[in-house]
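Structure, as structure tokens:
The values are calculated or read from the model by the stated rules, or taken from the named source; none is laboratory data. Computed from a predicted model, the values in this text were never measured in an experiment. Glycine also receives a Cβ, built like all others from the backbone with ideal geometry; neighbour counts cover every protein chain displayed.
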Amino acid sequence: MDKFCYKFSSNSGGTEFVKRGCSVMFCTPLGEGCTKMEFEGVEGEMCCCSDTSYCNDAKTFKINIFYFFF
């Protein structure tokens with residue numbers, strides 16, 4: 001199974017919220033890419049990447065989370 005790290009970021013009301021970590025559970029359905037979603041009750045963008053880059057690569061791509069529900 002591939003290993004992934006994630007970076008969740010949200011900017012609301014002048015406050016920036018960023019959470020990083022590595023998790024198979026969050027990123028296996030998403031693979032490498034970004035999507036808008038809710039995380040811990042906060043709307044923002046979740047990016048998943050290989051565990052070697054730790055989501056520090058400026059080059060990301062968007063996918064639609066709609067596909068994960070079907």
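Observations
- Checking each residue in segment 50-70 for being part of a strand (DSSP E or B) and at pLDDT below 70 picks out only Lys62.
- Identity of the residue in segment 1-11, among the polar types (S, T, N, Q) and surrounded by 15 or more Cβ atoms within 10 Å (Cβ to Cβ), that ends up farthest from the chain's Cα centre (by Cα): Ser10
- For segment 12-49, residues that are aliphatic (A, V, I, L, M), assigned to a strand (DSSP E or B) and surrounded by 15 or more Cβ atoms within 10 Å (Cβ to Cβ) total 2.
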